[in-house]
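Derivation of every value follows stated rules applied to the coordinates shown; laboratory data play no part. Since we're looking at a predicted model, the values are computed, not measured. Cβ atoms come from the backbone with ideal geometry, glycine included; neighbour counts cover every protein chain shown.
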Amino acid sequence: MSAYLDHNSTTALKTEVLEAMLPFMVHQHGNATSQHSFGRTARAAVEHAREQVAAAVGAYANQIVFTASGTEANNFAMRGICSHLEPAQILTSSIEHPCVSRPALAMQTCGYKAHNIKVDSNCDINMTHLQKLLAAPTNLVSVMLANNETGVIQDITEIAEMARAHKAFMHTDAVQALGKIPVDFFALNVHAMTISSHKIGGPLGAGALVLDKRIDIQPLLYGGGQERGLRSGTENVAAIVGFGAACELAVSNLTAFDVHAENLRQHLEIGLGKLNAVIFGHHGLRIPNTSFFAFKNLDGETLVTALDKAGFAVASGSACSSDSGEPSHVLLAMGVDEDLAKGAVRVSFGMTNTLDQVQHFLKALEHEVARLRNLTAMAA
Amino acid sequence: MSDRQPIYLDYSATTPVDPRVAEVMIPYLCEHYGNPASRSHPYGWTAEKAVENAREEVAKLVGADPREIVWTSGATESNNLAIKGAANFYASTKGKHIITIATEHKAVIDAVRELERQGFTATYLEPEPNGLVDLAKFKAAIQPDTVLASVMMVNNEIGVIQDITAIGNICREAGVIFHVDAAQATGKVVIDLENLPVDLMSFSAHKTYGPKGIGALYVRRKPRIRIEAQMHGGGHERGMRSGTLATHQCVGMGEAFRLARLEMAAENERIRMLRDRLLAGLQGIEETYVNGDLEHRIPHNLNISFNYVEGESLIMAVKGIAVSSGSACTSASLEPSYVLRALGRSDELAHSSIRFSIGRFTTKEDVDYTIDLMKSKIEKLIELSPLWEMFKDGIDISKVEWAAH
């Protein structure tokens with residue numbers, strides 16, 4: 001028995017998505033900017049995908065700017081919005097993905113000040129701290145809708161209200177939320193929102209920034225003037241078509257996904273409880289597919305490697321930081337003890353996972369935890 | 001006739017993905033879908049290995065070390081990263097003046113313009129009427145505070161090849177960082193970065209039978225060139241460019257560049273014969289002008305102005321072939337090509353220009369069809385042209401004083 005339980009890192013392409021993409025991978029090869037029929041076919045496909053993406057987040061097609069990734073969309077939002085403003089402070093939560101926190105830090109060389117908004121022990125934004133920070137002039141507040149590690153969902157509408165009350169712009173990284181919970185751009189009340197294709201069964205290589213059309217934003221990439229001048233570069237037609245198809249599927253499967261993933265997670269977490277695991281962020285609202293946990297006095301890296309040998313692909317933190325050996329910055333921000341944080345394991349489910357896999361996973365986990373505890377006991 | 005697909009002669013705008021390339025990409029879309037940055041399971045390792053193999057193939061085509069190749073989303077991003085990244089990194093030590101050529105791709109020109117807004121100064125050097133850079137003029141443009149020069153290897157509209165070695169040597173001598181946009185050069189011109197005096201070079205996959213949405217930037221290691229990252233995040237690509245890599249696209253670019261390395265010599269000869277056939281056929285039409293030097297030029301490109309023909313009606317008339325009337329990136333506007341203007345062509349000649357770009361899947365039949373089509377259409381169009389009539393009557397149109405109306 002083996003199972004891929006790392007869907008928050010990236011998830012398999014859906015068959016329907018591949019089918020939509022295939023014609024544009026070979027035969028429909030036009031450059032979407034060309035005026036001839038090859039170009040017009042490509043253009044029509046890109047614009048159809050734009051409609052599909054917009055519909056998935058309750059926005060209008062002309063609010064969608066396609067990028068090559070979620071990382072690019074986040075960098076674009078942070079830099080693009082702030083560069084029009086008199087440098088003041090940029091607030092990001094302490095649990096953001098590095099592609100939000102690092103641009104903020106990098107912008108300090110241009111006169112902006114980057115500050116972290118604290119979270120509580122359950123991974124929820126500390127609203128009192130946010131309120132206090134907002135007393136100083138603020139350019140932008142960026143808080144993710146769902147955290148990639150714990151899966152905890154923030155009250156973005158409320159945070160956006162606070163930001164707006166202080167004349168700050170509001171951005172949310174909704175990469176891990178799309179396809180797992182309803183995402184409505186207008187209900188969230190943000191100025192800009194990042195989404196990504198490969199987290200929802202679309203291909204790698206496409207992302208988007210959803211924009212409030214009334215704001216000024218400066219491009220990250222200059223050139224041919226594609227995406228209404230906001231993002232130059234030949235459109236990656238096949239990936240964009242795949243992103244569109246994936247968005248449509250994700251929205252129509254949302255309820256089924258919720259029921260399925262929540263069921264798997266309940267079974268997993270009942271089992272984890274029996275093994276005395278600590279589950280992070282489970283007191284509040286979470287996306288239904290994610291469980292982040294650790295065992296006291298047990299090394300997570302070793303556990304993840306052992307699970308991999310047993311056939312289960314899980315993450316020991318976010319994929320991007322999993323080679324650093326550092327404990328998860330999300331857990332540290334939640335005040336989790338460093339030793340416990342180092343042992344953290346993330347399981348994230350997709351539609352293809354089964355209850356049977358969960359049961360086998362729990363069995364393997366129980367076995368490995370017992371084995372490692374024995375080893376630790378012997379070493380001591 | 002109207003039902004068939006037009007003949008594709010716009011390979012400089014984008015090439016079809018070679019079916020052999022698509023074939024190796026698809027497994028990485030389906031079964032091997034791991035995130036190459038995932039270090040805790042084989043899905044990630046498989047993806048990472050594929051990405052690194054592809055990096056090696058990209059490096060091999062251009063005589064670079066794989067560690068000198070940084071993945072990007074395309075040549076536009078590579079150009080932006082190289083120009084803004086190097087200019088910002090070296091501004092405090094070398095200065096804030098940039099040299100580029102007036103005929104560069106928009107991604108270079110507009111990146112330089114953005115730097116001008118940030119306080120840099122720039123020289124947009126005019127090329128000679130044949131499209132080539134005059135080395136003495138280039139040398140004279142260098143100032144004590146010149147930090148960076150950016151010159152494209154092959155022009156996208158007229159296909160001329162610049163003397164990159166000579167320009168690079170001038171830059172080396174003056175201590176100027178040298179960036180080359182080679183998006184239109186890979187698979188067409190031999191590139192050996194081990195011996196070329198180039199510090200940064202941009203590549204694109206979709207101009208060389210690879211997929212759209214992937215490119216690369218060469219960043220020299222010896223002597224080491226530094227760039228300031230333009231995108232921050234997970235620290236991928238040794239911190240120079242963050243963002244999850246699209247495995248299938250990296251794999252596609254690797255395979256496309258591998259095929260180019262193996263096949264370019266024979267392929268370019270075949271294409272040269274087709275281009276020469278096209279040129280010979282079109283030269284039978286009166287008042288045609290080839291834009292750009294014919295000798296220092298890739299075999300794939302033919303850019304011709306048809307005098308006394310109105311540009312827009314020309315495009316409407318040749319719907320049986322898919323060609324470009326200027327760069328694909330600017331063809332949505334009716335402005336005459338800025339590249340042809342920079343060569344000193346009149347607005348009329350710039351407007352009535354067509355770029356034919358030939359590629360891997362072009363046949364002799366395609367070329368012959370194109371010659372026949374052009375001949376018959378141009379004949380009809382010039383018959384409608386009052387200017388043509390005047391020209392035939394021996395009137396020098398440039399000396400005509402038109403009445404204002």
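Peptides B:135-145, A:72-82 ranked from most to least packed by the mean count of surrounding Cβ atoms within 10 Å: A:72-82, B:135-145.
Expressed per residue, the C-alpha convex hull volume of segment B:138-236 stands at 130 Å³.
Cα-based values for chain B, radius of gyration first and Dmax second, are 22.4, 80 Å. Global size of segment B:51-118: 14.2, 40 Å for Rg and Dmax (C-alpha atoms, Rg to one decimal, Dmax whole). Other protein chain C-beta atoms within 10 Å of residue C-beta, averaged over B:247-258: 2.
Averaged over residues, the count of other Cβ atoms within 10 Å places the peptides A:210-222, A:144-156 in the sequence A:144-156, A:210-222, highest first. Alpha-carbon geometry of the protein assembly as shown: the Rg and the Dmax are 27.9, 105 Å, given in that order. The mean sequence separation of alpha-carbon pairs under 8 Å and at least six residues apart, normalised by the residue count of chain B, gives a relative contact order of 22 percent. Rounded to the nearest 10 degrees, the angle from helix A:254-274 to the longest Cα principal axis of chain A is 20 degrees. Only helical runs count toward this figure. For chain B, summing -39,500 (n - 2.57) over DSSP H runs of n ≥ 4 and dividing by all residues gives -12500 deg cm²/dmol at 222 nm. If you fit an axis through the alpha-carbon atoms of helix A:15-25 and take the longest principal axis of the Cα set of chain A, what angle between them do you get, 0 to 90°, nearest 10? Compared with the principal axis, the helix lies near 40 degrees. Using only the alpha-carbon atoms, how far is helix A:156-165 inclined from the longest principal axis of chain A? Give it as 0 to 90 degrees, nearest 10. Result, in degrees: 50. Counted by neighbouring Cβ atoms within 10 Å, the residues A:Ser121, B:Ser353 run from fewest to most as A:Ser121, B:Ser353. Using a Gaussian network model of chain B in which every pair of alpha carbons under 10 angstrom is joined by a spring, one finds that among B:Pro42, B:Pro197, B:Pro127 the greatest mean-square fluctuation is at B:Pro42. Look at the stretch A:299-310: the mean tally of other chain Cβ atoms within 10 Å of its residues' Cβ atoms is 1. Counted over chain B, the DSSP beta bridges are approximately 55% antiparallel. Annotation: peptides A:11-23, B:368-380, ranked by per-residue average of other Cβ atoms within 10 Å with the highest first, follow the order A:11-23, B:368-380. Annotation: the residues B:Ser385, B:Ser242, sorted from fewest to most other C-beta atoms within 10 Å of their own C-beta, follow the order B:Ser385, B:Ser242. Where only DSSP H runs of four or more residues are counted, chain A gives -12500 deg cm²/dmol as its mean residue ellipticity at 222 nm, each run worth -39500 (n - 2.57). The residue list B:Val17, B:Thr370, B:Asn53 was ranked by how far each Cα lies along the charge dipole of chain B toward its positive end, using unit charges on Cβ atoms, and B:Asn53 comes out on top. This model, with +1 at the C-beta of Lys and Arg and -1 at the C-beta of Asp and Glu, gives chain A a dipole about its Cα centre of some 400 debye.
Cβ-to-Cβ counts within 10 Å put A:Phe349, A:Phe257 in ascending order as A:Phe257, A:Phe349, the fewest first.
Take each residue in A:155-161, count the other chain C-beta atoms within 10 Å of its C-beta, and the mean is 0. Here the contact order of chain A, divided by its residue count and restricted to Cα pairs under 8 Å and six or more residues apart, works out to 23 percent. Top mean-square fluctuation among B:Ala182, B:Ala82, B:Ala260, Gaussian network model of chain B, C-alpha springs under 10 Å? Checking each option, the largest mean-square fluctuation is seen for B:Ala260. Residues considered: B:Arg270, B:Arg238, B:Arg220. Largest GNM mean-square fluctuation over chain B, using C-alpha springs under 10 Å, is found at B:Arg238.
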